[in-house]
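Notes to accompany the following structure.
The values are calculated or read from the model by the stated rules, or taken from the named source; none is laboratory data. All figures in this text were calculated on a predicted structure; none of them were measured in a lab. Backbone-built Cβ (ideal geometry, glycine too); neighbour counts: all protein chains shown. Remember, those area values only see protein heavy atoms, side chains included, never the ligands or the DNA or RNA. Shrake-Rupley method; radii C 1.70, N 1.55, O 1.52, S 1.80 Å.
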Amino acid sequence: MRNLFLSESCKDTQLHAVNPQSWLQVERGKVCNKFSSHASSSYESLIKVPEPPILPFFKPVDYVQVLAEIHEELESCSADERSDLYLLQFQVFRGLGEHKLLRRSLRSAYHKSASLHEKLIFGAWLKYEKHGDELISDLLASCGKCTREFGPVDVGAHFPVIASTPCSTSEMMVGTGVCSPTTVFFRIGQEKISCDRQKIAALSPPFHAMLYGCFTEALQEDIDLSENGITPSAMREVSRFSETDSLEDLGPELLLEILMFANKFCCESLKDACDRKLASLVGSTHDAILLMHYALDENAPVLAVSCLQEFLQELPGCLSDEEVIKIFSNADRKQRSIMVGNAEFSLYCLLTEVAINTDPLSNITVFLVQKLVECATSNRQKQLAFHQLGCVRLMRKEYDEAECLFAEAFSVGHVYSIAGLARVKRIKGGDKLHSYKKLTSVISSYKPLGWMYQERSLYCDGDKKWEDLDKATELDPTLNYPYMYRAALLMRRQDVQAAIAEINRVLGFKLALECLELRFCFYLALEDYRAALCDVQAILTLAPDYRMFEGRVAASHLRTLVREHVEAWTTADCWFQLYDRWSSVDDIGSLSVIYQMLESDPQKGVLYFRQSLLLLRLNCPEAAMRSLQLARQHAESEHERLVYEGWILYDTGHCDEGLRKAEESISLRRSFEAFFLKAYALADSSLDPSCSSTVVSLLEDALKCPSDNLRKGQALNNLGSVYVDCGKLDLAADCYISALKIRHTRAHQGLARVHFLKNDKTAAYEEMTKLIEKAKNKASAYEKRSEYCDRELTKADLEMVTRLDPLRVYPYRFRAAVLMDSRKEREAIAELSRAIAFKADLHLLHLRAAFHEHIGDVSGALRDCRAALSVDPNHQEMLELHSRVNSQEPHSRVNSQEP
């Protein structure tokens, strides 16, 4: 969502045409390493760092506490409250950036839905989150597996049928004391419709009163219905329904006429039958638009839900239809109840998320978020709704409205909204000192978090600003802005190496597009066009439509311009460069080379496949899946296509189906990739230790097939791992050594493990040192080496790991365990809390819960247990610890009051 929340200047600049060619001509050649004064103004224009965006997410100060409260409430709430709690859990994980966890929360909301409305909403949300997965559904279908989990449902089957309740004969003997004639004629214009008086009377109390009550119609055989808005043909269908209790297959116009008549005369069973018949006719968005108006006006819940389902199945496309938006934005509370029951907040949460992702500045987005505010009832819901609308108003430069909304969100407990409030105050001409004091007050009043210091840094200068940004990085190393600001400032101070080192800090563990863009600017300013080309090609691999310089210039255009200054590589050069970067564990460099190769190399399927492997290694699963699908699209043969389909299925959790695709491919042609896939999938899917021999055989078959050394090195490495698991250490060592001979650098790690298992810890340490010396990305190597040395060296290696990749949790856990061994319980808990503040990790929470239990802090242990079970509700050890801690304090409850 980064592009949706750029700095305030972004949207203005997009309105003006930019000529990248002339722009680059102005910039190129003007900046040298000595930074002439003539170059400085041009140089400054390259290294602007936009202010960090105010994100439209629910971001509680203590997310662990909120997750614990949610889990506690889930343990005791009624069935119809569960989905709302899972939705809140989803919002917490959204604010934390935990994409896998938020999807699991959506799935829980879907499966725990107490109503059809919730089922449709969360099913549509999951489908939206998984957009682009149609291919996976098709592949699963080709394997004979049903995949229509979130497809259309039979709406009518979820509503109880309303049956007619005929009156007894004694009930009909009213008023006159005489039984009325058994046949009655209803005159409409010039036509008469013959009806069974008793059966018509049974349709509703009004008809019963008319035909058997104290009215003159009770004694009449001929009753005029001409002024009641029904045609003769419709009345004949009403008569037929009274006798058969069912409607024929009628057109929508006739059904609507009968529906309105049924409403007028309170004929509930007739109305229900019309409602269901009309619901079955909804086959398109156009149908749904036309019929939804009648559904809301005539209180037809089955039809309304059927229309809603049609809209939700067409997300995000349906939000571009003005008529659909009118329905969602004009519906009052009663109409919303007809359309979506008690799930209106969930519905508008979904619609606002889609709208914000599509165009946060549109009027449509405003209408929908306003409805979200209107639907919010609890404090938590109000925190999210007011904050989201504040963000939208801020982006639209509607500052007065934004200020009021952020203030409202803050007043009901959403502390993060103070960032928006301070930003608006300054934009409106307020004193920076006022905003600085506001943030200082928040820092002193709550548990300090990284974003608080990041925000306060915007309202001070010099050393104070630098100190706040350092503190922000210390508390939350995942924030991009502090690295970018420091790097840009260092470049302005002409400290080039320090600037690049600073931006490399974050790129070493997080492939953030805006950070790659800034480094591209550095290289461009330094006239290092080869390095600049590498970064822009990596950007385009991750986001082909990415626009740089606050959205003014397409990255693809900049790449074209930069390439003019770089000597072209031949195909042989590209392969040499790819081997070099692959062996030095330079994943970004490898990505760039593959991007370049895709322009001219005919083997595009193979290249896209390699690209997907690198993207997975860089923790970019969505981009990896896109590359894998492109590999399938460009496969040169049926057996190659089957392999890529197998990997697509395997990577999306369908291991057995992936295995089947590998076998199909092998049946057509024995190939390295097919055997490799089969070995990989079999090793992952089988719990039988005896399958190791089969995996070995498959990898050996793979190595006998033609392939390049990049993939053979991987196969040898995997084969070595299997041998280690089987205790065949000499065979494993042979595999790793063979892999190293063809420059598969990661094999040093496997060989180190062999040395360690042979009780040669020194050799293992030295082997990992070789990997550290060769690899560009070293965090995992330092972490592994820490296992092969004494405590002091281990501590040093793990400190290095945290510097290189603060998201790796093992170092925090190790340091905390050492502190506990030294009886420094508070310091141990603080070490874990340092990482938990920015990463919702099960293992960190589990260990901290155990530490709290150890020191007798039962409430702290219970809170961490419950939060951990929000992260993974099925973790057995966590469940056992939770049960044990809960039994120690049976009356303790996590404070579930809303802030």
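Worth a mention:
- Mean accessible surface per residue for region 362-406, computed with a 1.4 Å probe while every protein chain stays in place, in Å²: 33 Å²
- Rg then Dmax, both in Å and based on the Cα atoms of region 756-899: 17.9, 57.
- In a fully extended conformation the segment linking residue 728 and residue 224 would gain 171.8 nm over its present Cα-Cα distance, using 0.36 nm per residue.
- For region 534-579, the solvent-accessible area with a 1.4 angstrom probe is 42 square angstrom per residue.
- Cα gyration tensor shape of region 435-544, rounded if a/c is under 1.5, else prolate or oblate by comparing a/b with b/c: prolate
- When you work out D = kT/(6 pi eta Rh) for region 367-458 at 20 °C and 1.002 mPa s, using the Kirkwood radius from C-alpha pairs as Rh and the Stokes-Einstein form, the result is 161 µm²/s.
- Here, region 628-667 is characterised by an Rg to Rh ratio of 0.96, where Rg is the alpha-carbon radius of gyration and Rh the Kirkwood radius.
- For residue 553, the amide hydrogen comes within under 5 Å of the amide hydrogens of 548, counting only partners 5 or more places away or on other chains and with H modelled in the peptide plane.
- Derived scalar couplings ³J(HN,Hα) [region 325-338; Karplus, 6.51 cos²θ - 1.76 cosθ + 1.60; whole Hz; x for Gly, Pro]: 4, 4, 4, 6, 8, 9, 5, 7, 4, 5, 5, 4, 5, 5
- Residue range of the chain that is longest and free of trypsin sites (Lys or Arg not before Pro) which are both DSSP loop and sparsely packed (at most 10 other C-beta within 10 Å): 149-822
- Backbone phi angles across region 184-198, fed through the Karplus curve with coefficients 6.51, -1.76 and 1.60 (θ = phi - 60°), yield HN-Hα couplings of 10, 10, 9, 9, 10, x, 8, 9, 10, 10, 7, 9, 7, 3, 5 Hz in residue order; Gly and Pro are listed as x.
- The alpha carbon convex hull volume per residue for region 530-658 rounds to 114 Å³.
- Karplus-derived 3J(HN,Hα), 6.51/-1.76/1.60, for each residue of region 216-222, Hz, glycine and proline x: 5, 4, 5, 9, 9, 9, 10
- For region 799-879, the spread of Cα positions along each principal axis, largest first, Å: 33, 27, 19
- Note on region 337-407: semi-axes of the ellipsoid equivalent to its C-alpha gyration tensor, largest first and rounded to whole Å, are 20, 14, 8.
- Over the chain, Cα pairs under 8 Å with separation of 6+ residues give a relative contact order of 10 percent.
- In the calculated pair-distance distribution of the chain, the portion above 55 angstrom amounts to 24 percent of the Cα-Cα pairs.
- Volume in Å³ per residue [convex hull over Cα atoms, computed for region 182-256]: 89 Å³
- Taking amide H atoms as placed 1.01 Å from N in the peptide plane, the amide H of residue 224 lies under 5 Å from those of 187, each 5 or more residues away in sequence or on another chain.
- Across all directions, the shadow cast by the convex hull of region 459-513 built on its C-alpha atoms averages 3.9 square nanometres.
- In angstrom, the C-alpha Rg and Dmax of region 49-130 are 13.8, 49.
- Carbon/sulfur fraction of accessible area - the chain, other protein chains in place, 1.4 Å, %: 50 percent
- Region 305-378 shape via C-alpha gyration tensor axes, a/c threshold 1.5: oblate
- Hydrodynamic radius (Kirkwood) for region 486-538, which is based on Cα pairs only, to one decimal in Å: 10.8 Å
- Residue-normalised accessible area of region 247-323, given per residue in Å² at a 1.4 Å probe: 38 Å²
- Cα shape, region 414-477, gyration tensor, a/c 1.5 rule: oblate
- If only the Cβ of Lys and Arg carry +1 and only the Cβ of Asp and Glu carry -1, the dipole of the chain around its Cα centre is close to 3220 debye.
- Added length on full extension, which subtracts the Cα-Cα distance from 0.36 nm per residue, residue 757 to residue 888: 43.0 nm
- Extending 7 Å from the Cα toward the beta-carbon at both residue 796 and residue 825 defines two label points whose distance is 3.4 nm.
- √(5λ) per eigenvalue of the Cα gyration tensor, region 610-745, largest first, Å: 24, 17, 15
- Sum of side-chain charges, residue 320 neighbourhood, beta-carbon under 14 Å (Lys, Arg +1; Asp, Glu -1): -4
- Annotation: region 234-326 has a Kirkwood hydrodynamic radius of 13.5 angstrom, from the mean reciprocal C-alpha pair distance.
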